[in-house]
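Chemist: Sharing a structure here in structure tokens format.
The values are calculated or read from the model by the stated rules, or taken from the named source; none is laboratory data. Please read these numbers as outputs of a predicted model, since none were measured by experiment. When we count neighbours, we look across all protein chains shown, and the Cβ atoms used for this are built from the backbone with ideal geometry, even at glycine. Quick note on the areas: whole protein, heavy atoms, side chains included, nothing else; ligands and nucleic acids left out. Shrake-Rupley method; radii C 1.70, N 1.55, O 1.52, S 1.80 Å.
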Amino acid sequence: MYYNFKEIEKKWQKKWQDAHAFRAQVDPKRKKYYLLEMFPYPSGKIHMGHVRNYTIGDVAGRFKTLEGYNVMHPMGFDAFGQPAENAAIKNKTKPADWTHKCIKEMETELKKMGFSYDWEREVSTCESDYYKWNQWIFLKMLERGLAYKKASSVNWCPSCQTTLANEEVIDGACWRCHAEVEQKDLEQWYLKISEYKERLLEDLSQLKNWPPRVLAMQSNWIGKSSGVDIYFRLKNSDKSIPVFTTRVDTIFGATYIVLAPEHPLVKDLIKGTPQEKEAQEFIKKVIAESKVVRSASDVKKEGVFTGSFAVNPINNEEVPVWIADYVLMEYGTGAIMAVPTHDQRDFLFAKEHRLPMRIVIKPKDSPLKPADDLSEAYEGDGVQINSGEFNGLNNQEAKIKIAQWMEAKGIGRIQTHFRLRDWLISRQRYWGTPIPVIYCPDCGIVPVAYKDLPVKLPASAPFTGEGGSPLNKVKKFVEVKCPKCKGKASRETDTMATFFDSSWYFLRFCSPEFKEAPFDAGEAKYWMVVDQYIGGIEHAILHLLYSRFFTKFFQDMGMIDFTEPFDKLLTQGMVLKDGEVMSKSKGNIVDPDSMIKNYGADALRLFILFAAPPETELEWDERGLEGAFKYLNRVWRIQENLKGKADQEIIKILHRTIKKVSEDFAGFKFNTALASLMELTNAIYQNGADKEVFSRLVIMLSPIAPHFSEELWQILGNKESIFKAGWPKYDPDLLVEESVTLVIQVNGKVRSKIQVGRDTPDDKLKELVLKDEKLLAWLEGKSPKKFIVVPQKLVNIVL
RNA sequence: GGGCGGAUGGCGAAAUUGGCAGACGCGAUAGCCUUAGGAGCUAUUGGGGCAACCCUUGGAGGUUCAAAUCCUCUUCCGCCCACCA
């Protein structure tokens, strides 16, 4: 007979809902715990990744509740985005209708899992009372110069027909549809995240409870590098070209300089020269190339000579100025000094185009081959040679000295460059937050007044899939009066990138109904920061970086008094099937709903936690799920056979288990917590237990299998919810064993074991050990050289 | 090329952080119970050997009384970044 999970789960889900069991309210007397899992995009069905993410969170939340914390555990939907538009085209529905339908379905599925969400705090980013505050935040940023419009070459996805942020381009392809990204010149809205680059980098050191690899990824993405901007004056001109280098110690080896094809000086330089035509064609070709082609590491480095020369300011040497595809306009100054002997890229280019080379650093204890014989650049450290007054110095020292010397002479400047670029937020899509500005032929860009927010998204727009903003074609939306001069004007028709929406939703959860501002400062003061955030590693850069940026912005606005939003971060591993990520295209999806039907939500939760630690990948195995189900049934049967009084031995095991499980839960080690709960269960199964012991087993199981445990709790005669029972405490005295098994090793190998009193003194121990018959056979009459004692664990005898 | 992780039975994984390797579970084998079992119970289950024992944490060295754990080298795998000057 199986326990009736279908009935039990339904019963308790209803009870929790009717009792508002998970409603969170500010209570200054109690310690709060803000638990957050990354909210889902409402695609209609939850998948195993969601189940895993939210199960991990739910156990943490229920455990904290049992420990007495005032837990806030909200859920919502990241509801704007492209799939809604695609679905609208396909099914001839409105994106809003499709999205609402999906949200309904997902809510139902999440409720079936028994998650302890405070549904009264639910937010959906596609509702105007949410996105109104996107617009409000945008206007505040606009006022502070943090939102701005500029024309530039942007990433363009030809398949999605929209622009993409740098963060959304993966290997030169669109993060969503994987189409190859093109470059396009467009005027677009940006957020000046670069203004926060130093703080975003420095404050990473505050995030002591984040996984190191997420910190590393963020740090790499921000990409700070220190070096020197050096000014190369153009020969026969008063202009100079700044180049950036992190290796100023190699400056005496700079034999040419290279500009990016997009560099603004290029046009002037080639004008009227014999190479003009060749150069122009080359530039045209490179600019048209997609990023994937251009950045492929195995391609030949191509370039052309401009005909001009520049002067190396350190030795007044004239060097040729080239244009090449391997120099990028977006980074540094868009120009480099090339040192072929000490930079592999320059080396390859110089070989290809027969440019001169000069060695200026040699390894400390060995000579370097002549430049012409090198097969690759020497990029290591060493001693300066051919470097004028800096000869003989260690190159690391020289780096500092040369930089200072150049600064003193005004020919260079110590400088830091970042990889992080401003965040492009304009999207040529319908299903997103309208950017709240108006274009007036007379007044220019006019922000929408705060009192006129929200700028509501029209209920529908024509979707042709042909590109351009669909809102362009909605006359009623576009045609407005200028708020300033009342003349004819038109609205911005681009919408915001959806990452904008998710950059502050954790604050909205503190006061989801608040009407005066994005969030109520008082509520936020109590609930923030998020104590535990849980989500997928795929958000290690984008979402987490943007959220940190927004938080710092709110801090600067005086709206909050902290600078980092998430204290602890857990990134859960993927769910695999047969070693591969579950995905529609691979056809290896396991539907959580059918698993709930067959085994119940509790068994599914238990299996997912038991199969692997939260951070590592989890291999789906239905037999394992069956095992989890059997385990619950085993526990159920114990309840039918309780006895009057438990043995002392069982009580001791219980207290050991309480200690272990408490520690494991606190550290999110649910797999080992379950292992010890199973051990306790096995022990009870063999020796029997009373109500006392069994009740505590059930409490410890309740965060993992909440419906099951509530039902048992009721059967045991309790009237209130098990989640009001309090987390069990252990008695330290019961953990102490009178006698311990002592391992006896000879030369580090286990040879025997004896039982001894736990506080046996060392000399007495020696005596006891040397009497052991098994050991004596190993000693063969030899006398021990050394006698090592690890208290209560082992002795090692060295012969 | 740079950075960060990994590698432990047939499988998922444990190992108090230097102290009995393989807890717990899946699978498998044998038996019991049952009208039946894809339920339950009992026992066995890293490899070799009749056994005493020997071998075993990707590989090779090293440190140590003692190494899955620390150090050096090396192979393979995963993830992130990447013509970033």
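Chemist: List the residue pairs whose Cβ atoms are under 7 Å apart, where the first residue sits in the range A:311-329 and is of a type in the set (S, T, N, Q), the second is open to solvent by less than 20 Å² (accessible area, probe 1.4 Å) and assigned to a loop (DSSP other than H, G, I, E, B), and the two are 6 or more positions apart or on different chains.
Modeler: A:ASN312/A:ALA254
Let's see how each residue does on (1) basic (Lys, Arg); (2) in a helix (DSSP H, G or I); (3) in contact with a Pro (Cβ under 8 Å, 6 or more places away or on another chain):
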site	(1), (2), (3)
A:LEU348	no, yes, no
A:SER366	no, no, no
A:LYS369	yes, no, no
A:GLY380	no, no, yes
A:ARG413	yes, no, no
A:THR416	no, no, no
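Per-residue answers, yes or no, for (1) assigned to a helix (DSSP H, G or I); (2) touching a strand residue (DSSP E or B) at 6+ places or on another chain (Cβ under 9 Å); (3) more than 14 Å from RNA strand B (Cβ to nearest atom):
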{"residue": "A:TRP713", "(1), (2), (3)": "yes, no, yes"}
{"residue": "A:LYS719", "(1), (2), (3)": "no, no, yes"}
{"residue": "A:VAL740", "(1), (2), (3)": "no, yes, no"}
{"residue": "A:GLN745", "(1), (2), (3)": "no, yes, no"}
{"residue": "A:LYS774", "(1), (2), (3)": "yes, yes, no"}
{"residue": "A:ALA777", "(1), (2), (3)": "yes, yes, no"}
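Chemist: Filter the range A:249-277 down to the residues that are part of a helix (DSSP H, G or I), open to solvent by 10 Å² or more (accessible area, probe 1.4 Å) and among the acidic types (Asp, Glu) and list them by number.
Modeler: The answer is A:ASP268, A:GLU276.
Chemist: Next up: List pairs: first residue in the range A:367-378 and surrounded by 12 or more Cβ atoms within 10 Å (Cβ to Cβ), second residue among the charged types (D, E, K, R) and part of a loop (DSSP other than H, G, I, E, B) anywhere in the structure, Cβ distance under 9 angstrom, at least six positions apart or on different chains.
Modeler: Close Cβ pairs satisfying both conditions: A:ALA371/A:ARG358; A:ALA377/A:ASP343.
Chemist: Residues that are aromatic (Phe, Trp, Tyr) and within 9 Å of RNA strand B (Cβ to nearest atom), at least 1 per element: which helices (runs of 4 or more DSSP H) completely within the range A:579-687 meet that?
Modeler: A:601-610, A:622-639, A:670-687
Chemist: Residues that are open to solvent by 70 Å² or more (accessible area, probe 1.4 Å), at least 3 per element: which helices (runs of 4 or more DSSP H) completely within the range A:1-94 meet that?
Modeler: Filter on the range A:1-94 gives A:5-18, A:82-91.
Chemist: For the range A:529-577, how many residues are among the charged types (D, E, K, R), open to solvent by 30 Å² or more (accessible area, probe 1.4 Å) and part of a helix (DSSP H, G or I)?
Modeler: Total satisfying the criteria: 2.
Chemist: Looking for something open to solvent by less than 10 Å² (accessible area, probe 1.4 Å), over 30 Å from A:PHE670 (Cα atoms), of a type in the set (Val, Ile, Thr) and touching a residue at least 12 places away in the same chain (Cβ under 8 Å) - is there at least one such residue anywhere in the range A:118-125?
Modeler: yes
Chemist: Inside the range A:779-798, can you point out the residues that are surrounded by 10 or more Cβ atoms within 10 Å (Cβ to Cβ) and near RNA strand B (Cβ under 9 Å from one of its atoms)?
Modeler: Of everything in the range A:779-798, those that are surrounded by 10 or more Cβ atoms within 10 Å (Cβ to Cβ) and near RNA strand B (Cβ under 9 Å from one of its atoms) turn out to be A:ILE788, A:VAL789, A:VAL790, A:LYS793, A:LEU794, A:VAL795, A:ASN796, A:ILE797, A:VAL798.
Chemist: Which condition breaks for A:CYS443 when tested against (1) hydrophobic (A, V, I, L, M, F, W, C); (2) touching a residue at least 12 places away in the same chain (Cβ under 8 Å); (3) crowded, with 17+ Cβ neighbours inside 10 Å?
Modeler: Among (1) hydrophobic (A, V, I, L, M, F, W, C); (2) touching a residue at least 12 places away in the same chain (Cβ under 8 Å); (3) crowded, with 17+ Cβ neighbours inside 10 Å, the lone unmet condition for A:CYS443 is (3).
Chemist: Being within 21 Å of A:SER237 (Cβ to Cβ), more than 13 Å from RNA strand B (Cβ to nearest atom) and not in a helix (DSSP H, G or I) is the requirement here; does A:VAL304 meet it?
Modeler: yes
Chemist: Looking only at the range A:379-409, which residues are polar (S, T, N, Q) and open to solvent by 70 Å² or more (accessible area, probe 1.4 Å)?
Modeler: Answer for the range A:379-409, where residues must be polar (S, T, N, Q) and open to solvent by 70 Å² or more (accessible area, probe 1.4 Å): A:ASN386, A:ASN391, A:GLN396, A:GLN404.
Chemist: Since A:GLY223 meets every condition but one in (1) away from RNA strand B (no atom under 13 Å from the Cβ); (2) on the phi > 0 side of the Ramachandran plot; (3) of a type outside the set (Phe, Trp, Tyr), which condition does it not meet?
Modeler: (1)
Chemist: Have a look at A:TYR190, A:TYR196, A:TYR231, A:TYR256 and point out the one that is touching a residue at least 60 places away in the same chain (Cβ under 8 Å), in contact with a Ser or Thr (Cβ under 7 Å, 6 or more places away or on another chain) and of a type in the set (Phe, Trp, Tyr).
Modeler: Of A:TYR190, A:TYR196, A:TYR231, A:TYR256, the one residue that is touching a residue at least 60 places away in the same chain (Cβ under 8 Å), in contact with a Ser or Thr (Cβ under 7 Å, 6 or more places away or on another chain) and of a type in the set (Phe, Trp, Tyr) is A:TYR231.
Chemist: State the number of residues belonging to the range A:753-772 that are more than 8 Å from RNA strand B (Cβ to nearest atom) and open to solvent by 80 Å² or more (accessible area, probe 1.4 Å).
Modeler: 8
Chemist: For the range A:413-427, state whether one or more residues are within 16 Å of RNA strand B (Cβ to nearest atom), among the hydroxyl-bearing types (Ser, Thr, Tyr) and touching a strand residue (DSSP E or B) at 6+ places or on another chain (Cβ under 8 Å).
Modeler: For the range A:413-427, residues within 16 Å of RNA strand B (Cβ to nearest atom), among the hydroxyl-bearing types (Ser, Thr, Tyr) and touching a strand residue (DSSP E or B) at 6+ places or on another chain (Cβ under 8 Å): present.
Chemist: Report yes if some residue within the range A:180-203 is under 21 Å from the mean Cα position of the chain (by Cα), more than 24 Å from A:SER152 (Cβ to Cβ), among the charged types (D, E, K, R) and open to solvent by 50 Å² or more (accessible area, probe 1.4 Å); otherwise report no.
Modeler: Looking for residues that are under 21 Å from the mean Cα position of the chain (by Cα), more than 24 Å from A:SER152 (Cβ to Cβ), among the charged types (D, E, K, R) and open to solvent by 50 Å² or more (accessible area, probe 1.4 Å), one finds at least one in the range A:180-203, hence yes.
Chemist: State all residues of the range A:401-457 that are in contact with a helix residue (DSSP H, G or I) (Cβ under 8 Å, 6 or more places away or on another chain) and among the basic types (Lys, Arg); if no residue qualifies, say none.
Modeler: Correct list: A:LYS401, A:ARG413, A:ARG419, A:ARG421, A:ARG429, A:LYS456.
Chemist: Further question on the same structure: For the range A:489-497, state whether one or more residues are open to solvent by 20 Å² or more (accessible area, probe 1.4 Å) and either acidic (Asp, Glu) or outside any strand (DSSP E or B) (or both).
Modeler: Checking the range A:489-497: not a single residue is open to solvent by 20 Å² or more (accessible area, probe 1.4 Å) and either acidic (Asp, Glu) or outside any strand (DSSP E or B) (or both).
Chemist: For the range A:372-389, how many residues meet the condition of being under 45 Å from the mean Cα position of the chain (by Cα) and farther than 9 Å from A:ASP249 by Cα?
Modeler: Total meeting the criteria: 10.
Chemist: Right, here's the next one. Within the set of pairs 6+ apart or on separate chains, which have a first residue in the range A:692-705 that is basic (Lys, Arg), a second that is open to solvent by 10 Å² or more (accessible area, probe 1.4 Å) and part of a loop (DSSP other than H, G, I, E, B), and C-beta atoms under 9 Å apart?
Modeler: If the second residue must be open to solvent by 10 Å² or more (accessible area, probe 1.4 Å) and part of a loop (DSSP other than H, G, I, E, B), the pairs left are A:ARG696/A:PRO728.
Chemist: Only residues that are assigned to a loop (DSSP other than H, G, I, E, B) and buried (at least 19 other Cβ atoms within 10 Å of the Cβ): list them for the range A:311-330, please.
Modeler: Correct list: A:ILE314, A:ASP325, A:TYR326, A:VAL327.
Chemist: For A:LYS729, indicate whether it is more than 22 Å from A:LYS659 (Cβ to Cβ) and exposed (fewer than 15 other Cβ atoms within 10 Å of the Cβ).
Modeler: The answer is no for A:LYS729.
Chemist: Looking for whichever is among the aliphatic types (A, V, I, L, M) and farther than 23 Å from A:PRO42 by Cβ here; the options are A:LEU164, A:LEU146. Which one fits?
Modeler: Being among the aliphatic types (A, V, I, L, M) and farther than 23 Å from A:PRO42 by Cβ holds for just one of A:LEU164, A:LEU146, which is A:LEU146.
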